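Undergrad: Handing you this structure, nothing more for now.
The values are calculated or read from the model by the stated rules, or taken from the named source; none is laboratory data. Here the structure is a predicted model, which means the values were calculated and not measured. Don't worry about glycine lacking a Cβ; one is built from the backbone with ideal geometry, like all the others, and counts go over all protein chains shown.
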Ligand SMILES: *[C@@H]1O[C@H](CO)[C@@H](O)[C@H](O)[C@H]1NC(C)=O
């Protein structure tokens with residue numbers, strides 16, 4: 001009975017959503033509130049069985065709160081996130097949305113502590129435009145993990161340093177292509193030492209846990225001579241003093257370039273040059289559990305830096321929804337998030353640069369180092 005009601009409500013929603021898609025620059029979390037408010041009524045807490053979910057959440061993620069006030073506040077945030085997950089489920093039916101380790105955080109806390117991409121689109125001086133590649137004969141499925149070019153999933157912790165993980169991931173892949181060796185590289189070097197600024201925008205600089213941009217980080221890495229290994233400069237997840245030792249450089253940038261906003265060019269560059277640093281709108285990621293994320297409505301405002309490592313021709317999606325081609329995206333929130341640390345985002349002719357995934361894509365080439 002409940003299913004039926006939800007289903008008919010969902011059908012009612014579709015025309016609104018298609019209309020709303022034209023407003024793609026609007027933050028979907030503001031706009032879907034408007035759209036869904038009518039669907040999610042106050043009787044909801046009962047249906048969601050919020051207290052039970054909250055207990056499970058606290059034990060699963062070892063959450064404790066210092067005071068009763070804090071506990072009650074977090075429970076109210078948790079309930080809001082349950083409703084939000086339900087909205088996301090309606091808007092993104094081919095993925096699974098629900099309780100995640102971020103379920104006691106407000107969207108603002110989540111943005112501040114677990115994202116960190118500064119959304120400016122100007123390019124550093126040394127960035128160039130990637131040449132247009134042929135796109136015929138691209139494989140149907142492609143995954144750099146199978147070729148040994150991708151390190152294990154890392155965890156940025158509570159620090160807006162996503163941009164540094166996207167940067168190391170791209171250079172790790174490029175270094176693998178140049179040398180045949182997979183070396184995990186230091187994010188903390190970027191967090192502590194990279195203060196590269198956009199010459200045209202005052203105050204738009206890479207700032208450790210307060211955010212940054214992959215292209216600026218490639219520029220820093222080019223100027224600094226390279227990045228050291230993860231174990232030579234381990235991650236702390238806090239801003240600190242720069243302790244970069246030039247003699248320990250393990251991988252260096254030869255050049256980096258920006259790929260045109262075109263899904264086929266993104267795929268061709270991925271296959272030819274290795275994993276790519278991409279910016280994305282992370283609004284659905286706070287509640288994402290798995291499946292192919294293919295929301296009807298997703299902002300193109302970029303707030304998260306991630307690593308594109310491959311794509312698949314199709315994945316099983318819920319009944320009524322056709323099999324969907326998708327990007328394989330490495331995230332930096334540990335393996336316990338999403339698909340073993342990965343996000344599957346829909347691609348293909350109907351996806352139209354979904355969540356801005358084609359908007360800010362860069363490729364880096366590494367110098368071959370003889371040791
Ligand atoms: C970038 O560097 C790579 C490796 O050194 C080189 O093969 C390639 O031609 C360079 N690309 C550009 C656009 O300079």
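Undergrad: Among the numbered criteria (1) buried (at least 21 other Cβ atoms within 10 Å of the Cβ); (2) not in a helix (DSSP H, G or I), which single criterion is violated by residue 189?
TA: (2)
Undergrad: Within segment 136-153, is there a residue that is more than 16 Å from the ligand (Cβ to nearest atom) and surrounded by 22 or more Cβ atoms within 10 Å (Cβ to Cβ)?
TA: yes
Undergrad: Right, something else. Mind listing whichever residues of segment 212-227 are more than 16 Å from the ligand (Cβ to nearest atom), surrounded by 24 or more Cβ atoms within 10 Å (Cβ to Cβ) and not in a strand (DSSP E or B)?
TA: Matches in segment 212-227: 213, 214, 216, 217.
Undergrad: Take the residues in segment 259-272 that are in contact with a helix residue (DSSP H, G or I) (Cβ under 9 Å, 6 or more places away or on another chain) and buried (at least 20 other Cβ atoms within 10 Å of the Cβ); name whichever of them is nearest to residue 345 (Cα to Cα).
TA: 270
Undergrad: Additional query: Just to be sure I understand, how many residues within segment 256-274 are within 16 Å of the ligand (Cβ to nearest atom) and assigned to a loop (DSSP other than H, G, I, E, B)?
TA: Qualifying residue count, segment 256-274: 2.
Undergrad: How many residues are at pLDDT 80 or above and surrounded by fewer than 21 Cβ atoms within 10 Å (Cβ to Cβ) if we restrict to segment 305-324?
TA: 2
Undergrad: Mind listing whichever residues of segment 161-186 are surrounded by 24 or more Cβ atoms within 10 Å (Cβ to Cβ) and more than 16 Å from the ligand (Cβ to nearest atom)?
TA: Of everything in segment 161-186, those that are surrounded by 24 or more Cβ atoms within 10 Å (Cβ to Cβ) and more than 16 Å from the ligand (Cβ to nearest atom) turn out to be 161, 162, 163, 164, 165, 166, 167, 168, 169, 185, 186.
Undergrad: What is the number of the single condition among (1) within 16 Å of the ligand (Cβ to nearest atom); (2) over 21 Å from residue 130 (Cβ atoms) that residue 344 does not meet?
TA: Status for residue 344: all satisfied but (1).
Undergrad: Among the residues of segment 325-336, which ones are in a loop (DSSP other than H, G, I, E, B) and either within 16 Å of the ligand (Cβ to nearest atom) or buried (at least 23 other Cβ atoms within 10 Å of the Cβ) (or both)?
TA: Passing the criteria: 331, 332.
Undergrad: Right, next: Return only the number of the condition from (1) within 16 Å of the ligand (Cβ to nearest atom); (2) in contact with a strand residue (DSSP E or B) (Cβ under 6 Å, 6 or more places away or on another chain) that residue 279 does not satisfy.
TA: (1)
Undergrad: May I ask you to verify whether residue 110 is in contact (Cβ under 8 Å) with a residue 40 or more places away in the chain, out of contact with any helix residue (DSSP H, G or I) (no Cβ under 6 Å at 6 or more places or on another chain) and more than 16 Å from the ligand (Cβ to nearest atom)?
TA: Judged against the criteria, residue 110 is a match.
Undergrad: Filter segment 228-255 down to residues that are more than 16 Å from the ligand (Cβ to nearest atom), at negative phi and surrounded by fewer than 19 Cβ atoms within 10 Å (Cβ to Cβ), then give me how many there are.
TA: Qualifying residue count for the region: 15.
Undergrad: Mind listing just one residue for me: the one in segment 354-371 that is under 15 Å from residue 306 (Cβ atoms) and assigned to a loop (DSSP other than H, G, I, E, B) and, of those, nearest to the ligand (Cβ to nearest atom)?
TA: 360
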